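Below is one structure; the comments refer to it alone.
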Amino acid sequence: MDNVFDMHDFVATGQGDKAHMLGKFLYFSLANLLVDKAELSRLCEDMGILYSGSTRVSVADAFRSATGDIRERIPVTSMGETNIYLVYCRDNKHAPDILSRELVKETLNQKTNNYEKLANISYDKKDGVFRAENMVPDDAVDVPACCRRAEELFELYQKCANRKQIETICINYLRGLEATKLSITGHMYFVPRTHMDKVDVFEDFIALLGGFNRKDTPLMVNSFYIIDDEKQRSKMTEEFYAAVKKEIAEYQERADYFIKSGSQSPAVMERWVLKIQALEEKKKHYEGVLRRELDGLDDEFATLKFLCQELQVRAQSIRFQKAA
């Protein structure tokens with residue numbers, strides 16, 4: 001299929017009778033996102049969406065994210081000359097119990113960019129203290145303010161879910177709707193008509209999520225109906241093949257790894273068996289929605305089914321041995 005996704009191939013409408021719709025086109029953007037985990041958990045519970053976040057706090061991740069957010073571009077004009085400074089944190093020394101980065105000012109547009117160290121920012125895992133030391137006064141940069149901001153973000157990142165974590169929640173929900181990711185950059189999905197009523201729940205979730213965002217960035221979500229006709233069914237068949245082919249390759253790789261590595265975890269193998277079976281059910285479901293046999297990946301599915309059976313046998317054998 002073409003690598004270019006053409007929206008003109010779709011016949012869409014803002015309203016639709018379910019009986020005459022193929023499904024819904026859904027797109028959303030999470031941008032820069034940071035939401036308190038307790039608030040996110042309650043929102044997910046209220047909306048009937050599975051919360052897959054962890055309460056475990058990684059101070060290393062929080063420290064790197066917080067210091068990584070310190071990035072300012074400062075133009076300064078003096079005596080008719082403009083200098084542009086970039087202020088950010090970069091890695092320096094490494095120690096087992098101390099997380100450390102340094103705040104630097106980079107002067108841009110020079111033959112050789114000039115770098116000045118403005119402060120040391122660190123967190124000691126032993127005493128749990130966040131420190132900003134060796135601060136150098138600077139006419140263009142408010143060094144203490146940058147360090148305070150890093151500490152505030154550090155505290156925030158420890159109790160908040162970031163964009164990647166919330167993205168996982170969203171994708172898991174859409175997987176439950178048997179949504180197919182379209183061959184285009186970003187979060188764009190086709191949701192078949194059998195699940196498209198639940199798209200409203202997802203749109204409400206994203207809209208409410210924006211109210212909890214600690215970052216001052218907007219979230220976007222929208223959807224529209226796809227008319228059920230032969231052209232749309234053909235287009236979505238191509239999209240289904242492209243998306244599922246990637247999933248099959250991933251599942252085959254994981255199953256093959258468990259078999260060749262001699263995995264001794266029946267729970268892990270059984271979880272992948274369920275994922276493979278769910279993919280087969282999704283194919284059958286889409287055959288009904290698209291009104292055609294989706295036999296273009298029969299060989300790949302046959303290989304995947306064989307690996308699935310092997311995983312089942314191995315998992316049952318290990319459980320039997322442990323019970324004996």
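Please work out whether region 199-299 counts as rounded, prolate or oblate from its C-alpha gyration tensor, where a ≥ b ≥ c are the square roots of the eigenvalues and a/c under 1.5 means rounded, while otherwise a/b larger than b/c means prolate and anything else oblate? Verdict is oblate for region 199-299.
What is the calculated FRET efficiency for residue 77 to residue 124, with r their C-beta to C-beta distance and R₀ = 41 Å, to the nearest 0.05? Working shown, then result.
Numbers: r = 41 Å, r/R0 = 0.99.
Computed FRET efficiency for residue 77 and residue 124 comes out at 0.50.
Per residue, the chain exposes 56 Å² of solvent-accessible protein surface, assessed with a 1.4 angstrom probe and all protein chains in place. Looking at the square roots a ≥ b ≥ c of the eigenvalues of the Cα gyration tensor of region 15-153, which shape do they give, rounded for a/c under 1.5, prolate if a/b is larger than b/c, or oblate? Oblate, because a/c is 1.5 or more while a/b does not exceed b/c. Fully extending the segment from residue 113 to residue 167 would add 15.7 nm, taking 0.36 nm per residue of separation and subtracting the current Cα-Cα distance. Taking all protein chains together and rolling a 1.4 Å probe, residue 21 ends up with roughly 10 Å² accessible. Note on the chain: percent of Cα-Cα distances in each 10 Å bin, starting at 0 and stopping at the bin with the largest distance, equals 5, 19, 21, 22, 18, 12, 3, 0, 0.
So if I place +1 on the C-beta of Lys and Arg and -1 on the C-beta of Asp and Glu, and nothing else carries charge, what would the dipole magnitude of region 158-202 be about its Cα centre? I want it in debye, nearest 20.
200 debye
Less than 5 angstrom separates the built amide H of residue 33 from those of 163, all sequence-distant by 5 or more or on a different chain. Bridgeable aspartates and glutamates around residue 117 (alpha carbons under 16 Å apart, same-chain partners fewer than 8 residues away excluded): 72, 91, 102, 106, 133, 138, 139, 142. Other residues within the sphere of radius under 10 Å centred on the Cβ of residue 131, judged by their own Cβ, net out at -4 (K and R +1, D and E -1). Largest mean-square fluctuation among 34, 86, 304, in a Gaussian network model of the chain whose springs join Cα atoms under 10 Å apart, belongs to 86.
The H on the amide N of residue 188, modeled in the peptide plane, is under 5 Å from the matching H of 182, each at least 5 residues off or on a different chain.
Taking 0.36 nm per residue of separation and subtracting the current Cα-Cα distance, fully stretching the chain between residue 233 and residue 299 would add 21.5 nm. Of the residues 62, 114, 137, the one whose Cα sits farthest toward the positive end of the charge dipole of the chain, with +1 on the Cβ of Lys and Arg and -1 on the Cβ of Asp and Glu, is 62.
Using a cut-off of 23 Å between Cα atoms, the listed pairs 126/159; 246/284; 164/215; 215/246; 125/164; 260/322 include 215/246; 125/164 as exceeding that distance. Placing unit charges on each Cβ (+1 for Lys and Arg, -1 for Asp and Glu) gives the chain a dipole about its Cα centre, and among 302, 191, 48 the Cα reaching farthest toward its positive end belongs to 302.
Out of every Cα-Cα pair that region 113-237 contains, those further apart than 25 angstrom amount to 52 percent. Shown for region 211-324: the carbon plus sulfur share of the solvent-accessible area, taken with all protein chains present and a 1.4 angstrom probe, equals 52%. Taking 82, 112 and ordering them by how much accessible surface each has at a 1.4 Å probe, largest first, produces 112, 82.
Provide the net charge surrounding residue 305, with neighbours chosen by a C-beta distance below 12 Å and charges set as Lys +1, Arg +1, Asp -1, Glu -1.
Net charge around residue 305: -4.
Net length available on complete extension from residue 86 to residue 222 is 45.3 nm, with 0.36 nm assigned per residue and the Cα-Cα distance removed.
The values are calculated or read from the model by the stated rules, or taken from the named source; none is laboratory data. Keep in mind it's a predicted model, so treat the numbers as computed, not measured. Positions of Cβ are backbone-derived with ideal geometry, glycine not excepted, and every protein chain shown enters the neighbour counts. The protein model used for the area step is the full one, side chains on, heavy atoms only, and it has no ligands, DNA or RNA in it. Shrake-Rupley method; radii C 1.70, N 1.55, O 1.52, S 1.80 Å.
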